[in-house]
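Structure first, commentary second.
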Amino acid sequence: MKSRAAVAWEAGKPLSIEEIDVQGPKAGEVLVRIVATGVCHTDLFTLSGADPEGAFPVILGHEGGGIVEEVGEGVTSLKPGDHVIPLYTPECGECAFCRSGKTNLCQKIRVTQGQGVMPDGTSRFSMGGKQLLHYMGTSTFSEYTVLPEISLAKINKDAPLDKVCLLGCGVTTGIGAVLNTAKVEPGASVAVFGMGGIGLSVVQGAVMAKAGRIICVDTNPAKFEMAKMLGATDFVNPKDYPDTPIQQVIVELTGGGVDYSFECIGNVDVMRAALECCHKGWGESIIIGVAGAGQEIRTRPFQLVTGRVWRGSAFGGVKGRTELPGYVDRYMGGEIKIDPMITYTMGLDDINRAFDLMHEGKAIRSVIIF
Ligand code: NAD
Ligand code: AHE
Ligand code: ZN
Ligand code: ZN
């Protein structure tokens, strides 16, 4: 079938709106009509060429909401008409990772997903006979996309797909990092570095966890208004302290450091600051930001010897098929806020503007409506 899609032909170039060919679903696969998709910083990151796994030409996008159009042979858990959120972290329920009870990082299809192909090693996308790659197993920048059955969470049909698409990455990642990865307890102090869609969702998670102090750090003070509206208590712009390392500013502000910090930028120097602003003896820092090829984190081992903990979080530690429907219901019940995160909505033809707005720091999330 034909599909409108935004194609990334090469790194560093704007996306091109094309009419592509999409092959129907093979065994264990599902054809989905994407209704709406968010644009996440990770899409920009891969388009920039900084992603070690980035391969082109590719159809990016991983924060979508859609409707099942057709199912392949052997698919039992989904049928045409079901509303779904694509999962870049699938959940097969049977691999060692799924069975461990310790992680959400299902590895059943991770190798082929990273290579930009379906589990059988081939792509369902092409144009003029030339193969186009899948991205993160989701490729939501195409009106029609094909995913493995294990990469789809079935959700409440009453949920607006142009809102809950943000649960496909940003909102879930931030809230989950607080509740699942850090397990922030009531009264705890929290520092959040980076007030994009992820950092603001960490703020939201910290409020849900009943954290005491929620300190937001961003070099763009325009972001603080939304953070305050979501429940943040303190705002720090590193540019106001040109002569003092930001970790020292936060240690002094809190009289010894925070209980938890979250890096939501992808900057390895900020990752160090986020660790070092944690309280001696128990402070935990969670890395959420994705850093480019060749980047490495550094600190004095003494920081860890003296009790600080460095951890990471992918998709907020959330098991998508099991837990995401509950996140959707919590949005429907008013507990999870998504609408304020949507700064712009636009059609697929304007998708490059969504990338520009994020680069310029003017959008928390742009949602593309097909
Ligand atoms: P974003 O671009 O919307 O937000 C980043 C924010 O960081 C901006 O507000 C910006 O002003 C601020 N910032 C930049 N440099 C800064 C600095 N030196 N000090 C303080 N603030 C600074 O991005 P996003 O969509 O919120 O994504 C954030 C990061 O999280 C990205 O690296 C993205 O790839 C990553 N991410 C990870 C996961 C995961 O599962 N681990 C999921 C989604 C996104
Ligand atoms: N491909 C990159 C890493 C990218 C990365 O860390 N992705 C996150 C999700 S970001 C969503 O916006 C993730 O879930 N990682 C776990 C995984 O298995 O990819 C690289 O460095 O190679
Ligand atoms: Zn993302
Ligand atoms: Zn699995």
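Take the chain, mark every one of the GluC sites (Glu not before Pro) that falls in a DSSP loop and has at most 14 other Cβ within 10 Å, then report the longest stretch left between them, sites excluded. Each step should come with its number before you reach the end.
Numbers: sites that count: 10, 53, 73, 94, 296, 335, 360.
So the longest stretch without any such site is 95-295.
Send over a whole-number figure in Å² for the accessible area per residue of the chain, probe 1.4 Å. The partial results should precede the final answer.
Working: 14870 Å² over 370 residues.
Accessible area per residue, the chain: 40 Å².
What translational diffusion coefficient, to the nearest whole µm²/s, does the chain have by Stokes-Einstein, given a Kirkwood radius computed over alpha-carbon pairs, a temperature of 37 °C and 0.692 mPa s viscosity?
On the way: Rh = 20.7 Å.
Translational diffusion coefficient: 158 µm²/s.
Where in segment 189-205 does the amide nitrogen come within less than 19 Å of the point 7 Å from the Cα of residue 359, taken along Cα to Cβ?
Only 196-197 fall inside the zone, counting backbone N under 19 Å.
Using a simple spin-label model with points 7 Å from Cα along the Cα→Cβ vector, what separation in nm is obtained for residue 352 and residue 44?
Here the answer is 1.7 nm between the modelled labels.
Quick one: with all protein chains in place, what share of the accessible area of segment 1-78 is carbon or sulfur, to the nearest percent (1.4 Å probe)? The partial results should precede the final answer.
On the way: 1440 of 2940 Å².
So the carbon and sulfur contribution to the accessible surface is 49 percent.
With Cβ to Cβ distances under 13 Å as the rule, what net charge do the other residues near residue 169 carry (K, R +1; D, E -1)? Please list the in-between numbers first.
Values: positive: 365; negative: 43, 63.
Charge balance near residue 169 sits at -1.
Rounded to the nearest 0.05, what FRET efficiency do residue 280 and residue 241 give with R0 = 35 Å and r taken as the Cβ-Cβ distance? Could you check? Present the calculation step by step, with values, prior to reporting the outcome.
Values: r = 21 Å, r/R0 = 0.61.
Efficiency computed from Cβ-Cβ geometry: 0.95.
Just how far, in whole angstrom, is segment 80-118 from segment 25-46 if you go by their alpha carbon centroids?
14
Taking square-rooted eigenvalues a ≥ b ≥ c of the alpha carbon gyration tensor, is segment 1-155 rounded, prolate or oblate, where a/c under 1.5 means rounded and, failing that, a/b exceeding b/c means prolate?
On the way: a/c = 1.66, a/b = 1.23, b/c = 1.35.
Note, shape of segment 1-155 comes out oblate.
Under the 0.36 nm per residue contour assumption, what length would be gained going from the current alpha-carbon distance of residue 311 and residue 19 to full extension?
Numbers: separation 292, 0.36 × 292 = 105.12 nm, distance 4.22 nm.
Between residue 311 and residue 19, full extension yields 100.9 nm more.
Restricting to DSSP loop positions (anything but H, G, I, E, B) with no more than 14 other Cβ atoms inside 10 Å of their own Cβ, which trypsin sites (Lys or Arg not before Pro) remain in segment 310-370?
On the way: sites: 311, 319, 321, 330, 337, 353, 362, 365; in loops: 319, 337, 362.
Listed in order of number, the matching sites are 362.
Which residues does the label zone of residue 253 cover in segment 179-197, counting backbone N under 11 Å from a point 7 Å along Cα→Cβ?
190-194
Kirkwood-based Rg over Rh for segment 45-132 (C-alpha set), two decimals?
Working: Rg = 15.0 Å, Rh = 15.3 Å.
When Rh is taken as the Kirkwood radius, the ratio is 0.98.
How big is the convex hull of the Cα atoms of segment 107-166, per residue, in Å³? The partial results should precede the final answer.
On the way: hull volume 6.0 nm³, N = 60.
Residue-normalised Cα hull volume stands at 100 Å³.
Provide the FRET efficiency to the nearest 0.05 for the residue 2-residue 299 pair, computing r from the beta carbons and using R0 = 56 Å. Mind showing how you got there, number by number?
Details: r = 52 Å, r/R0 = 0.92.
E between residue 2 and residue 299, to the nearest 0.05, is 0.60.
Output needed: percent of Cα pairs per 10 Å distance bin for segment 92-213, bins running from 0 to the one holding the longest distance.
11, 30, 33, 20, 5, 1
Normalised by the number of residues in the chain, what is the relative contact order in percent for Cα pairs under 8 Å and 6+ residues apart? Intermediate values should be presented prior to the final figure.
Working: 903 pairs, mean separation 66.2, N = 370.
Normalised by residue count, the contact order of the chain is 18 percent.
Quick check: Cα centre of segment 201-263 to Cα centre of segment 293-370, how many Å?
Their Cα centres are 17 Å away from one another.
In terms of Cα to Cα distance under 21 Å, which lysines are near enough to residue 130, apart from those fewer than 8 places away along the same chain?
2, 13, 26
Using a probe of 1.4 angstrom, how much of the accessible area of segment 148-216 is carbon and sulfur, in percent?
On the way: 900 of 1680 Å².
Answer for segment 148-216: carbon and sulfur cover 53 percent of the accessible area.
Report Rg(Cα)/(2.2 N^0.38 Å) for segment 203-279, keeping two decimals.
Values: Rg = 11.9 Å, N = 77, 2.2 N^0.38 = 11.5 Å.
Against the empirical 2.2 N^0.38 Å value, I get 1.04 for segment 203-279.
The values are calculated or read from the model by the stated rules, or taken from the named source; none is laboratory data. Model, not experiment: these values are computed from the prediction. Positions of Cβ are backbone-derived with ideal geometry, glycine not excepted, and every protein chain shown enters the neighbour counts. Please note that ligands, DNA and RNA were not included when accessible areas were found on the heavy atoms of the full protein model with its side chains. Shrake-Rupley method; radii C 1.70, N 1.55, O 1.52, S 1.80 Å.
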